[in-house]
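A short worksheet on the structure shown next.
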Amino acid sequence: MRCYDFHKATTRRSLLRSSACGFAGLSLAAIANTPAIANTAAAESNARIAHAAAKAKRVIFLFMWGGPSHVDLFDYKPRLNEFAGRAVTPEAYGGKQPPGGTILGSPFKFRQHGDGGVWISELFPQVSRHADRMCVIRSMHTDGSAHGEALLNLHTGTSSLVRPSVGAWVSYGLGSESENLPAFITISPPRGHGGVQNYGCAFLPAMHQGMAIGAAEIPVAKAKISNLTNPEMDRSAQRQQLDLIQSLNHKHLRTAEADAGIEGLIASYELAFRMQSSIPAIMNLSDETLETQALYGIADGPTDNFGRQCLLARKFAEQGVRYIQVSTDYTWDHHQKNNEGLVKECAQVDRPIAGLLTDLERRGMLDDTLVIWGSEFGRTPTAENTDGRNHHPSAFTMWMAGGGVKGGFTYGSTDDFGFHPAENPVHMHDFHATVLHALGLDHKQLTYRYAGRDFRLTDIYGDVQTELFG
Amino acid sequence: MSTSHHVFSRRIALLCCLVITAECSLSSALRAQEAGDSTTAGIAYFEKHVRPLLVERCYECHSGRSSRTEGGLALDNPASWLKGGDSGSTIVPGDPESSLLIRAVRHSSPDLQMPPKEKLSEDEIQHLVNWVQLGAPAPEEDPASTVPHPSDPVAGKSHWAFQPLLEVKVPDVRNVDWARSDIDRFVLARLEQQSLTPVEDASPADLIRRITMVITGLPPSPEHLVQYQSQPTTETLSRIVDELLASPQFGQRWGRHWLDLARYADSNGLDENFLFREAWRYRNWVIDAINADMPYDRFLLEQLAGDLLPYESIEQRDRQRIAAGFLVVGPKVLLGVNPDRQKMDVADEQIETVGRVVLGQTLGCARCHDHKFDPVPARDYYALAGIFTSTRVMEQRFMLNEQRVMERLEGLGPDGNVVDDAYETFYRELPNLRAHGEKSKAVLDLLKQKNEQAIAERLAQDGDGFCDQARDSSIPIDQRIEAQEKYHAAQIEKLTKPPGIPPRAMIPCEADAIHDEAIRKSGKFDRLGDVVPRGFLTVLLDGEPKPLPEKQSGRIELAQWLTNTQTRSGALAARVQANRIWYHVMGRGLVRTVDNFGRTGEAPSHPELLDHLATLMIRENWSLKAMIRHLVLSRTFALSSQSNLTNSAVDPDNALLWRANRRRLDAESLRDAMLQAAGVLEPEPVDSTVAYLGDQATAVGNNAVRRRTDYNFRSVYLPVIRNDLPELFEVFDFANPHFATGARPQTNVPTQGLFLLNDAMVMTAARTTAHRIIDESRDTSLDRRINRMFELILSKTPDEEERRTIAAFLEQTAYRLNEAGDPEPELTALARACHALFVSSRFLFLE
């Protein structure tokens, strides 16, 4: 947090209220570019849109809730099997005292994939085909050994304070490209472990809050956006009612002499009315070819749900939504039966993720869409309950694809067992800085004035990992 | 402003760091040197590239002005850096390689790496090297050194908000007839200075709706409407205001304003959203205290130290303790946190809340460093922290099968703690009880086999599970079986009849050890600095601070100091509170940043009026009702919300109060007014509305039970589950209950439209209103129905145009519905029209 430069608080809000006739253009950038009001916007916030060289225009974040094991999926550790069933010795740990506990071996076969030779385990056969688009960060680390804390750190950069989520910051920085959709949509978000805080806007204006579709435990085919349809009136009946409402409102507006609040209300009702048809149209997957649906594994048992989520994400991305999060249910928390659990969970997401990458690629969208795969933390190289693994925030793997990052690229490493980062550690703050950078946002400049201070996603931390970009 | 220079230089600093590159700057500096203007160029180089760096990256720890000179090193001016710190001279002019400074910033040796957290960029290092190479030029006398640091509490006393209250003379006005009170004279004098004329008064209907909404959060009763419209005099108004202030609905409205500030919630939020099962007692205490018009100083005292105050009855003791739940109800990170960090985090949350709510200060900023803008050094923060860490709001409790650190509860009533202990013990012991029950069953089965040898063997092995008689082989076996049967039944009885949750509340207590707190360097809980005696904010103290009691946390003294009208703290608290009341009544604060009276907040639009109000409030014993009465009966309050071009050209924001501010109903009024129109609102107070929830207020996985909102009581009683607010609240800008909120945001987003157009609550209220209108009279004329709709929903009479529009809609809609086979076309059409009025701007805005 740079507490230094400050301005008198001015209400950007009044500005937004008067211009709330659509999502499009309501980004900081758009406002600042309007000369008449640029001063107000600049005074409220110090955010500036940085370099134009950024390739990514949007993000799709695939969130694996619970914490999948990095050492079984992307961080190949052959020595785990050598020490399986016993503790690591100091000799094997470079003479240092290794963390205690009994090592749990990994039965999964790893292989290098693509020209870049990215190591991926056999649990992700379909994803592996995209190895040359993947940029794998094996040296992630974060704070918080409990899910709630770690989820909040992942989504908002802090767990002890209520702060805007990454998607809200992106919405604030870039706005939506769509007239009818918000800039930030979260599909099947978790209700627990911080719940709405993980896609909340905290002190940012409310329009930057993520719009939730369903919840993690509900199959997305059954998910609804609340109040998107009227339970009694059909479209034409509702239009007649809305005409009555708007005629009353216009009459009020005439006597109130161009009151910005009433004007904004009139406009927002029209937008709400349009959204009632535009959003269901997007959420209807039947206009996609059977071939596309099959690509995502839709209508194919275990992959159906996550496949639908991924396809929805692509459709929203096409419509100009800036930040789309897709979440699994709370299924990756493998304290017991780690191996069985991973086999089952990976089988549900492997094809959908691969399908998403293929689909984006062939539509020419992968170059400007940053796809992120990851979780709140990894899992211990040691055993818990004999066949499970415990929470492990000190080292884990996340990967990105598209959006200007280097493909077939592996960044950072952990020690021989996956306990701690060995080279190029990337803290969650660094990761956030890097994601914003990919979108052309400088994490040190994207600030918002609240309660007398300028706040930013990365607080006083964060280094952009420039090596990840081609 | 005395600090403007300093702040300015910091801003420049930041800017410079962003735009410069080393290479071009050095060459230009060197070119200047060649031109023979070496000193000037060197100093220019210093000012441009080096001072900003020092300010930005070094002064937090190495400046004589920030009260921190770690390692004995200050880098403020040539004398200080040549003298150096504990490690010797910092700079050898002309010789970067021998300069400690350069070694430190290069991080070349492991024992000397500065800044420790984040290395300077290569460009920045190069600037320093160049500058030392040039001979480390700098102005001899550093002009900045005479400017006090913003956190300097002595210099900071000059800030307007920290001044004693002004004795203000009520100004003379030209238009003497317009003003009804001194408040009006202050307002009018400012308007006349700008040659502005206030607009007309609001219509009686608008005024009565405004006044009732402001005082009770509800639309006016038809009786009040009629009374005032038929006799629109100040006497009538004054009587109506008194009735409204005396009604319990007043506390339900103004109590909610305080609950926003108190970050009230029924669950913890943050990482583990455990239910605050007992928080409602505090909520209801607030509503009761506001209804009783408890003086504000007493109101604060009970909330900060209610558990420490004397009492004359158990009821009074419990009420005061419940009030202190204010300290306990904040959100806390519960799992996976170091206990020391948790202790400091909890205190921080309390300091930030109290500072913001009572003093309009951002004290949390001084946790990691001296405040960057306001006169609050970190020492003062930790002086306050000692008070709060000497207070306990957490305790070990057994919940969800685990011993956990939870919010502190205490039993109510004469033997509350005994009952509470028994309850806690039962659940802690439950696994043992179960095991014992199983054993006594096994023993019973064994006895029934009547095999003495087996019984003896079992007894020798493990006597647990036997009742006394069952052990005794001299007693006939059948008697032993009978005794064991009874014993076993008693065990099962215990298990199946767990004690109910006893009456208890969230109550703080003093910590086991009352102590002063150590400064935490950079706010890190484990980096201890000097220990600071517990105390208050230096900037608000005159004279030597009195030490706080050794055996108590000092919360009583803190509360008394905050509202001591003889000191700067009391003056500030009175200004903040008077401004909050003004804000809620008038729709905008005299200080617009109602929670920030610091240097980054706004100055008051009418400073004399603010001091006048604060003084008035103190004179009237901090009475909330008296202050509201003054405000709502003023001419200023009674103005119409109509804009006009002459005035808005001069004062478009209406800062000078030439008209009333049009404002939108908040979430609670929106809902309550709908239920009221439908005739179903239940205005009585209610107790817990979360009792049916499990210990996880929002849970992971299968959590079928979720907070309900399908009640008809007032919205202030709806469950406030952090991270799972009722949708109405979520959509209509309810205060985020994770932190103190003095002014809710006001947004206009399409989800609000979707809610109003489609939500079941709104549709049901509309249909119920239509039912009511049809059922209450045999008069089936559209005219009557339309009039009644307007009266119930908008508190006004429709004009001809509105009547025609609605009538046409009703007729057409009923016709279509009839064609489509709707069984009750007239009712449904009327319901749709009522719904339309609920969604209309006339309903949503307060004129």
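Annotations
- Some residue of region B:793-803 being more than 9 Å from chain A (Cβ to nearest Cβ) and β-branched (Val, Ile, Thr): yes
- Of the candidates A:369, A:331, the single residue that is in contact (Cβ under 8 Å) with a residue 40 or more places away in the chain and either within 14 Å of chain B (Cβ to nearest Cβ) or in contact with a Pro (Cβ under 9 Å, 6 or more places away or on another chain) (or both) is A:331.
- Filter pass, residue A:223 being over 28 Å from residue B:654 (Cα atoms), surrounded by fewer than 20 Cβ atoms within 10 Å (Cβ to Cβ), more than 8 Å from chain B (Cβ to nearest Cβ) and under 33 Å from the mean Cα position of the chain (by Cα): yes
- Single residue of region A:413-456 satisfying the filter (part of a strand (DSSP E or B) and of a type in the set (Ser, Thr, Tyr)) that is nearest to residue A:135 (Cα to Cα): A:413
- Of the helices (runs of 4 or more DSSP H) entirely within region B:742-830, those holding at least 2 residues that are of a type in the set (Ser, Thr, Tyr) and over 30 Å from residue B:580 (Cα atoms) occupy B:760-775, B:800-819.
- Residues of region B:804-847 satisfying the condition of being hydroxyl-bearing (Ser, Thr, Tyr) and at the interface with chain A (Cβ under 10 Å from one of its Cβ atoms): B:805, B:813, B:828, B:840, B:841
- Pair list, Cβ < 6 Å and 6+ apart or interchain, from region A:232-245 residues that are facing chain B (nearest Cβ under 7 Å) to residues that are charged (D, E, K, R) and crowded, with 18+ Cβ neighbours inside 10 Å: A:241/B:832
- Residue match in region A:261-283 (condition: of a type in the set (Ser, Thr, Tyr), within 14 Å of chain B (Cβ to nearest Cβ) and closer than 25 Å to residue A:222 by Cβ): yes
- Residue selected from region B:622-654 under the condition under 23 Å from residue B:564 (Cβ atoms) and part of a loop (DSSP other than H, G, I, E, B), by the criterion nearest to the other protein chains (Cβ to nearest Cβ): B:622
The rows are residues; the columns are (1) surrounded by fewer than 20 Cβ atoms within 10 Å (Cβ to Cβ); (2) of a type in the set (Phe, Trp, Tyr).
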position	(1), (2)
B:660	no, no
B:668	no, no
B:694	yes, no
B:710	yes, no
B:713	yes, yes
B:717	no, yes
B:728	no, no
B:731	no, no
B:736	no, no
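- In this structure, residue B:322 does satisfy being modelled with pLDDT of 95 or more and in contact with a strand residue (DSSP E or B) (Cβ under 7 Å, 6 or more places away or on another chain).
- Filtering region B:251-270 to residues that are basic (Lys, Arg) and part of a loop (DSSP other than H, G, I, E, B) leaves only B:263.
- Identity of the residue in region A:416-470, more than 20 Å from the chain's Cα centre (by Cα), away from chain B (no Cβ under 11 Å) and charged (D, E, K, R), that ends up nearest to residue A:203 (Cα to Cα): A:467
- Residues of region A:60-91 that turn out to be in a helix (DSSP H, G or I) and surrounded by 15 or more Cβ atoms within 10 Å (Cβ to Cβ), as a count: 6
- Some residue of region B:659-671 being assigned to a loop (DSSP other than H, G, I, E, B), within 14 Å of chain A (Cβ to nearest Cβ), over 30 Å from residue B:194 (Cβ atoms) and over 26 Å from the mean Cα position of the chain (by Cα): no
- Qualifying residue in region A:145-168 (condition: in contact with a Ser or Thr (Cβ under 9 Å, 6 or more places away or on another chain), surrounded by fewer than 23 Cβ atoms within 10 Å (Cβ to Cβ), more than 10 Å from every other protein chain (Cβ to nearest Cβ) and in contact (Cβ under 8 Å) with a residue 60 or more places away in the chain): no
- A Cβ distance below 6 Å, combined with a sequence gap of six or more or placement on separate chains, defines the contacts here; from region B:269-298, residues that are within 14 Å of chain A (Cβ to nearest Cβ) reach residues that are at pLDDT 95 or above and not in a loop (DSSP other than H, G, I, E, B) in the pairs B:273/B:267; B:275/B:267.
- In this structure, residue A:296 qualifies as surrounded by 18 or more Cβ atoms within 10 Å (Cβ to Cβ), closer than 30 Å to residue A:344 by Cβ and touching a Cys at 6+ places or on another chain (Cβ under 7 Å).
- Check on residue B:755, aromatic (Phe, Trp, Tyr) and facing chain A (nearest Cβ under 10 Å): yes
- Taking the criterion of being hydrophobic (A, V, I, L, M, F, W, C) and either more than 7 Å from chain B (Cβ to nearest Cβ) or under 19 Å from residue A:282 (Cβ atoms) (or both), the residues of region A:179-201 that qualify are A:181, A:183, A:184, A:185, A:187, A:201.
- Counted residues, region B:762-772 - those being at the interface with chain A (Cβ under 10 Å from one of its Cβ atoms) and under 12 Å from residue B:728 (Cβ atoms): 1
- Selection within region B:409-429 - over 33 Å from the mean Cα position of the chain (by Cα) and acidic (Asp, Glu): B:415, B:429
- Count - residues of region B:353-364 that are under 18 Å from residue B:738 (Cβ atoms) and either modelled with pLDDT under 95 or more than 9 Å from chain A (Cβ to nearest Cβ) (or both): 7
- Those residues of region B:213-241 which are in contact (Cβ under 8 Å) with a residue 60 or more places away in the chain and in a helix (DSSP H, G or I), in sequence order: B:213, B:214, B:215, B:222, B:225, B:234, B:237, B:238, B:241
- Among residues of region A:105-144, those that are within 14 Å of chain B (Cβ to nearest Cβ) and within 17 Å of the chain's Cα centre (by Cα), counted: 1
- Residue ID - nearest to residue B:659 (Cα to Cα), chosen from residues in region B:563-621 that are within 14 Å of chain A (Cβ to nearest Cβ) and of a type in the set (Gly, Ala, Ser): B:587
- Criterion: within 24 Å of residue A:311 (Cα to Cα) and in contact (Cβ under 8 Å) with a residue 24 or more places away in the chain - qualifying residue of A:439, A:446: A:439
The values are calculated or read from the model by the stated rules, or taken from the named source; none is laboratory data. It should be emphasised that the depicted structure is a prediction, and the values quoted were computed from it without experimental measurement. All Cβ positions, even for glycine, are placed from backbone atoms using ideal geometry, and neighbour counts span all protein chains on display.
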